[in-house]
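The structure appears right after this line, and notes come after that.
The values are calculated or read from the model by the stated rules, or taken from the named source; none is laboratory data. Computed from a prediction, not measured in an experiment: that's the story for all the values here. Note that each Cβ is placed from the backbone with ideal geometry, even for glycine, and that neighbours are counted across all protein chains shown. Areas reflect the complete protein model, heavy atoms only, side chains present, ligands, DNA and RNA absent. Shrake-Rupley method; radii C 1.70, N 1.55, O 1.52, S 1.80 Å.
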Amino acid sequence: MFKKVTKSLAVLSAASSFFVSCAFAEPIVIKFSHVVAVDTPKGQAADFFKKRAEELTKGKVKVEVYPNSQLYKDGEEMEALQIGTVQMLAPSLAKFGPLGAKEFEVFDLPYIFNNEDDLHKVTAGPVGKMLFTKLEPKGITGLAYWDNGFKSFSANTPIKTPADLKGKKLRIQSSKVLEAEIRALKAIPQVMAFSEVYQALQTGVVDGTENPISNFYTQKMQEVQKYLTLTEHGYLGYAVIVNKKFWDGLPADVRGELETAMTEATVYANKIAKEKNISDLEAVRKTGKTEITTLTPAEREVWRKALLPVHKEMESRIGKETIEAVYKATDFKN
Ligand code: LMR
């Protein structure tokens, strides 16, 4: 009798410790680092992904989002992902060159996309898939493309034509195509981490820069840039990427739930990117600090003419096949 009770107690205690350990099992932590403000398309989409990932995995996964270069800034975050001190990032497509994935710089070619529809033909098609395969040997898996929007030039002197930027020092992201773009305007490119741009503009280290409106506004660039011209000459968007070893090592059901959360977050990201770039332009206008110039189609054509030679010039860096694959997907016309 005594033996029987002891045995049942032992079974009970084993069972309860199993349930306790399940209930209190440590969640899988995904550190998701990015460089922009919370109230941007990427910041909002990262928070949305966190919410859905935690809901769908019923707490098995905890996503910690670190915005504003709080954890890592440009030039640091890729390495952090590769060594696994963060698990997820969403760098701009202009930041993959230093990793050796130069084909990504095709997105930086000026005026290569007329609108978001053109762009989605690339990101949602074979070119988008092909680009992600370039990341695998580097220990990185590409999960999704998230929109931001089209970039416009700003400075402290009026900008109407490309000649107005001649000789100006302009901050760019770390992309050789963007360097060529700035040189095509006879201006001076200055690669700089995003977290340093406001101060560089304030102190005159650089004269101007290029941004989608949501980044301009949330970095308060209206305080340090008197003129913003809606050149919309190039695209800025993101690839959401994860450490491959971490991702492949996840239980299949958890990975599936995270994929669902990512699909939902992508729809959300692209929707708010459009909305925010419009509402933030109004917000910049309302500050009254920056004069906003809109170009006529003829004026835009002058910019296009000045910048299109960059496509040919960068062919050997990006790869002719990649550029042509994008042209084909979007039915690009010179
Ligand atoms: C920039 O450096 O200008 C952008 O890549 C920042 C961002 O992540 O949108």
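Okay, residues lined up against (1) part of a loop (DSSP other than H, G, I, E, B); (2) among the hydroxyl-bearing types (S, T, Y); (3) within 15 Å of A239 (Cα to Cα); (4) at pLDDT below 95:
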| residue | (1), (2), (3), (4) |
| --- | --- |
| K4 | no, no, no, yes |
| A14 | no, no, no, yes |
| K31 | no, no, no, no |
| V38 | yes, no, no, no |
| K51 | no, no, no, no |
| V63 | no, no, no, no |
| E105 | no, no, yes, no |
| Y111 | yes, yes, no, no |
Qualifying residue in segment 205-223 (condition: among the charged types (D, E, K, R) and within 12 Å of the ligand (Cβ to nearest atom)): yes
Cross-chain or 6+ apart pairs with Cβ under 6 Å, segment 315-334 first and modelled with pLDDT of 95 or more, then among the small types (G, A, S): A329/G125
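Can you tell me which residues in segment 80-103 are assigned to a strand (DSSP E or B) and over 20 Å from N211 (Cβ atoms)? Don't jump to the end; show me each part of the working.
Here is the first cut: in segment 80-103, the ones assigned to a strand (DSSP E or B) are 88-89, 92.
The one that is assigned to a strand (DSSP E or B) and over 20 Å from N211 (Cβ atoms): M88.
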Meets criteria (in a loop (DSSP other than H, G, I, E, B), away from the ligand (no atom under 12 Å from the Cβ) and among the hydrophobic types (A, V, I, L, M, F, W, C)) for I159: yes
Yes/no for Q44 being more than 14 Å from the chain's Cα centre (by Cα), polar (S, T, N, Q) and modelled with pLDDT of 95 or more: no
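When you go through L131, L119, L165, L178 one by one, which is the residue that is touching a Pro at 6+ places or on another chain (Cβ under 8 Å) and not aromatic (F, W, Y)? Even if it seems obvious, please write down each step before you answer.
Values: L131 fails: touching a Pro at 6+ places or on another chain (Cβ under 8 Å); L119 fails: touching a Pro at 6+ places or on another chain (Cβ under 8 Å); L165 fails: touching a Pro at 6+ places or on another chain (Cβ under 8 Å).
The match here is L178.
Kindly indicate whether E77 is modelled with pLDDT of 95 or more, in contact with a Ser or Thr (Cβ under 8 Å, 6 or more places away or on another chain), within 12 Å of the ligand (Cβ to nearest atom) and acidic (D, E).
For E77, the condition - modelled with pLDDT of 95 or more, in contact with a Ser or Thr (Cβ under 8 Å, 6 or more places away or on another chain), within 12 Å of the ligand (Cβ to nearest atom) and acidic (D, E) - is met.
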Scope segment 283-327; condition over 28 Å from Y217 (Cα atoms), among the polar types (S, T, N, Q) and open to solvent by less than 90 Å² (accessible area, probe 1.4 Å); matching residues: T322
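From F32, F96, F49, which residue is closer than 30 Å to N334 by Cα, within 16 Å of the ligand (Cβ to nearest atom), crowded, with 20+ Cβ neighbours inside 10 Å and within 17 Å of the chain's Cα centre (by Cα)?
On the way: F32 fails: closer than 30 Å to N334 by Cα; F49 fails: closer than 30 Å to N334 by Cα.
The unique qualifying residue is F96.
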Filter result (surrounded by fewer than 19 Cβ atoms within 10 Å (Cβ to Cβ), charged (D, E, K, R) and not in a helix (DSSP H, G or I)) within segment 167-206: K169, K186
Among the residues listed as L165, L89, the single one being among the hydrophobic types (A, V, I, L, M, F, W, C), within 16 Å of the ligand (Cβ to nearest atom) and either within 21 Å of F194 (Cβ to Cβ) or under 14 Å from the mean Cα position of the chain (by Cα) (or both): L89
